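> If you scroll down you'll find the structure; I have some questions about it.
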Amino acid sequence: MVLASATDSEKHLEPWAAKRSNSLGRAHKEEEHSYRLPFQRDRDRIIHSAAFRRLESKTQVYTHLYQEGDAYRKRLTHSLEVAGIGRNVARTLGINEDLAETIALAHDLGHAPFGHRGQDILDDLMRDYGGFDHNTQALRIVSLIEHKYPEFYGLNLTYEVREALAKKGKKQEETLKNEFKQHPNPTLEAQVIDLADPIAYSTHDLDDGMEAGTITSEMLEECDFWKEGVDEIRKTKGKLSGKILRSQVVRYIINSQVTDLIGNTRKKLDELSLKSIEELRNHPYRLAVFSPEMEKKHKALKSFLRVNMYEHSRVRRMEYKARKVLRGLFEAFLDDPALFPAPVQKYFQIEKEKGLEKRIVCDYIAGMTDRFALEEYNDIFEPTSKVKR
Ligand code: MG
């Protein structure tokens, strides 16, 4: 029996919002909780997962482990920023804030150590075995790898949360399971998070890049969104400089994108006057999108970061080391499974019989934090290191 006060909180939501009453449910039937709604339970299951805790030591752009400093964003703080933006957008649009928050907290669970380059390295190592992609990996984690219930593997999350992970990113389309093919679109909450993610990373990467000195004032002369922000801030707040100006401009860039996303999505919804979530799911295109003008600015900001930050020698040097570490570990575990801790060894042998041994090595390495990957590398390859086990 679910308390009326819990279900009341979803009554005011728009007809196209995801709700307990229109959810497509869980793969394994479970009793409902008396005062937590399904998406609230999913959020708690994610927060209590090992994969979520490990986001604390996974690189966003800079790893704190190579003396890069520990003031920069990591996957965990990135996910919290995405959740904050997602909740604000969802609340303003009258859709499900709990679901938006849950998807945001889960969206990066599948990241390998050492950021996007870590993913590319594992993808390369798994080329003939289905590849590696952090979105698919997030789905594997919540559906199979986390194991804490006697009745099933995974966290048995609702269809809506798993669908959001399955439909994130374009590359994902080919790997979709049949389960998620029945509608072209995920929920509006998932669509919002797909944009809250790049709003968060494009602005906080810019902030971190400037903090690190990777992005200089000369470079920012090439960034129109930045220059627009400086002009606007100086108009309203006078002549600021240094860190205060930086913070205010970053704030302006986040706020402009979030405001545009809300306004443009609402305009589209008003034009269509949908009657149900079913209509939203079957609509020929996504409805949570930027206006064409903001889309242009957003893309230009991302390509500015690609050229000036992600390809910077400081980041590339870090990635070079990451390649050595991940490749070394992959080869070592595959070559000698006795290096795995005992429970993984057992699992490796079972999966080997199905020809899936590389996937187990990949899952094991992808689950590592940056810190653990480096420790394992030293433990296995450094002749003078103290053997742990
Ligand atoms: Mg992300």
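The values are calculated or read from the model by the stated rules, or taken from the named source; none is laboratory data. Small disclaimer: the values here were computed from a predicted structure and weren't measured. Backbone-built Cβ (ideal geometry, glycine too); neighbour counts: all protein chains shown. Each accessible area value is taken on the protein alone, full model and side chains, heavy atoms only, with ligands, DNA and RNA left out. Shrake-Rupley method; radii C 1.70, N 1.55, O 1.52, S 1.80 Å.
> Given a Förster radius of 30 Å and the C-beta distance between E31 and S276 as r, what FRET efficiency does 1/(1 + (r/R0)^6) yield to the nearest 0.05?
Details: r = 27 Å, r/R0 = 0.90.
E between E31 and S276, to the nearest 0.05, is 0.65.
> State the volume of the convex hull built on the alpha-carbon positions of segment 105-203, expressed per residue in Å³ and rounded to an integer.
Roughly 121 Å³ of hull volume per residue.
> Moving on to the next point. Out of the total accessible area of the chain (probe 1.4 Å, heavy atoms of protein only), what percent is carbon and sulfur? Before the final figure, lay out each step's value.
Values: 9720 of 18830 Å².
For the chain, the apolar C and S fraction of the accessible surface comes to 52 percent.
> Pulled fully out, how much extra length does the chain show between S385 and Q182, if you take 0.36 nm times their separation in residues and subtract their Cα-Cα distance?
67.8 nm
> Continuing with this model, one more query. For E351 and F152 in one chain, what is 0.36 nm times their gap in residues minus the Cα-Cα distance, to one decimal in nm?
Taking 0.36 nm per residue and subtracting the Cα distance, the gain is 69.8 nm.
> Would you calculate the separation in nanometres between label points at D124 and A50, each defined as 7 Å from the Cα along the Cα-to-beta-carbon direction?
2.8 nm
> Between Y320 and S5, what is 0.36 nm times their sequence separation minus the Cα-Cα distance? Round to one decimal in nm. Intermediate values should be presented prior to the final figure.
Working: separation 315, 0.36 × 315 = 113.40 nm, distance 5.38 nm.
Full extension from Y320 to S5 adds 108.0 nm.
> Using the heavy atoms of the protein chains and a 1.4 angstrom probe, tell me the accessible area per residue for segment 263-351 in square angstrom. Could you put the intermediate results ahead of the total?
Working: 5160 Å² over 89 residues.
That works out to 58 Å² for each residue.
> Just the number, please: Stokes-Einstein D of segment 35-314 in µm²/s, Kirkwood Rh from C-alpha pairs, 20 °C, 1.002 mPa s.
Roughly 108 µm²/s, to the nearest whole number.
> Next question, about the same structure. Using the Cβ atoms and a cut-off under 11 Å, what net charge is assigned to the surroundings of K243, where Lys and Arg are +1 and Asp and Glu are -1? List each step's numbers first, then the result.
Details: positive: R246; negative: D207, E211.
Residues near K243 contribute -1 overall.
> Say the dipole of segment 51-157 comes from +1 at the beta carbon of Lys and Arg and -1 at that of Asp and Glu; which of L80, H147, G110 then lies farthest toward its positive end?
L80
> At a probe size of 1.4 Å, how large is the accessible area of T136, to the nearest 10 Å²?
50 Å²
> Which pairs, out of K58/K321; K296/K321; K58/K239; K168/K268; K19/K74; K239/K296, put more than 26 Å between their alpha-carbon atoms?
From K58/K321; K296/K321; K58/K239; K168/K268; K19/K74; K239/K296, over 26 Å: K296/K321; K58/K239; K19/K74; K239/K296.
> Separation between the S217 and K239 pseudo-spin-labels, each 7 Å from Cα along Cα→Cβ, expressed in nm?
Taking the two extended label points, one gets 1.2 nm.
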